[in-house]
Structure formats: structure tokens, C-alpha cells
Amino acid sequence: MHELGITQNIVAIVSEHAHGSKVKRVLLEIGKLSAIMPDAIRFCFDICSQGTVLEKAKLEILEISGLGKCRQCDAEIPLEQPFGECQCGSKYIDLIAGQELKIKEIEIEEICV
């Protein structure tokens, strides 16, 4: 399960950018063609965030659909897998969306003095 290592890296990156502030929310973008299982990330996040500034943070995941562009006719086509065939018959498809793994937003707790 490579999601554990990915989640550990996400927690480390967010912790570094939080500079010691408590993290309230993290928004990830995960492409449906990325071979990363959002449910596994959710499960690992609870474990990996324990004892860190992310403990009890809300994890939101936005799944990005697969999208390809035909090299022959330039048509954009939705993809459910990292390969496909265009309506023009071409199998030469460039992936343009769906392989993402991004930390899109981090919400930290602000302390007013």
C-alpha cells in the first residue's frame, strides 16, 4: 500500500508549511488515473497525523476526472483509464488531467493576541 508513504509525505509537507500552527483543514486533489486510492489516503491520514499539528484536521479530497487529447484531431476526450481511443479512431492520446496529486489548500488556526 503505497498510500501510507504518500500520506506520510503529505503530513510532512503540510507540517513544514504550517510553521508550528495547528492545521484545521487540508484539501487534496487526486486524479482518478493516478493509481492512488482516496479512501486509503483518508485512513492513513488519521494515523499519520497523530501527534502532529495536523491531528484532528479535516481532510478533504477532490477527485479529478481523467481527460486526454487526441494527437490526430485535437479532440479532448474523457478517460476512465490511462489509455483510450478517440472517436476519430486514433489511439494516440496524451493525458492532460487525471494523474494529479496536489496539496491544493491548507487552513491553519490563527491565534489572536
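Values quoted throughout were computed directly from the atomic coordinates according to the rules given, and no laboratory measurement underlies them. Since the model is a prediction, treat every value here as computed from it, not as a measurement. Backbone-built Cβ (ideal geometry, glycine too); neighbour counts: all protein chains shown.
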inquiry  = Residue under question is I103, and the condition is that it be of a type in the set (A, V, I, L, M, F, W, C), surrounded by 14 or more Cβ atoms within 10 Å (Cβ to Cβ), assigned to a strand (DSSP E or B) and in contact (Cβ under 8 Å) with a residue 40 or more places away in the chain; does it hold?
reply    = yes
message = Can you tell me which residue is surrounded by the fewest Cβ atoms within 10 Å (Cβ to Cβ) among those in segment 27-36 that are touching an Asp or Glu at 6+ places or on another chain (Cβ under 9 Å) and small (G, A, S)?
response = S34
ask   = Hey, does segment 8-20 have a residue that's closer than 17 Å to E100 by Cβ and part of a strand (DSSP E or B)?
value = no
ask   = Restricting the first residue to segment 83-95 and requiring it to be closer than 12 Å to G66 by Cα, which pairs with a second residue that is assigned to a loop (DSSP other than H, G, I, E, B) meet a Cβ separation below 7 Å and a spacing of at least six or different chains?
value = I93/F83; I93/G84; I93/C86; D94/R71; L95/L33; L95/P82
Odd one out for K58 among (1) surrounded by fewer than 14 Cβ atoms within 10 Å (Cβ to Cβ); (2) in contact with a helix residue (DSSP H, G or I) (Cβ under 9 Å, 6 or more places away or on another chain) = (2)
message = Taking the criterion of being surrounded by fewer than 15 Cβ atoms within 10 Å (Cβ to Cβ) and in contact with a strand residue (DSSP E or B) (Cβ under 9 Å, 6 or more places away or on another chain), would at least one residue in segment 4-15 satisfy it?
response = yes
query = Among the residues of segment 66-82 satisfying the criterion of being surrounded by fewer than 16 Cβ atoms within 10 Å (Cβ to Cβ) and in contact (Cβ under 8 Å) with a residue 40 or more places away in the chain, which is nearest to A35 (Cα to Cα)?
reply = Q81
query = In segment 21-36, what count of residues is obtained for those that are within 11 Å of the chain's Cα centre (by Cα) and not in a loop (DSSP other than H, G, I, E, B)?
reply = 6
request  = Go through segment 14-46 and count every residue that is aliphatic (A, V, I, L, M), touching a residue at least 40 places away in the same chain (Cβ under 8 Å) and more than 15 Å from E107 (Cβ to Cβ).
outcome  = 3
inquiry  = If D39 meets every condition in (1) surrounded by 15 or more Cβ atoms within 10 Å (Cβ to Cβ); (2) under 13 Å from the mean Cα position of the chain (by Cα) apart from one, which number is that one?
reply    = (1)
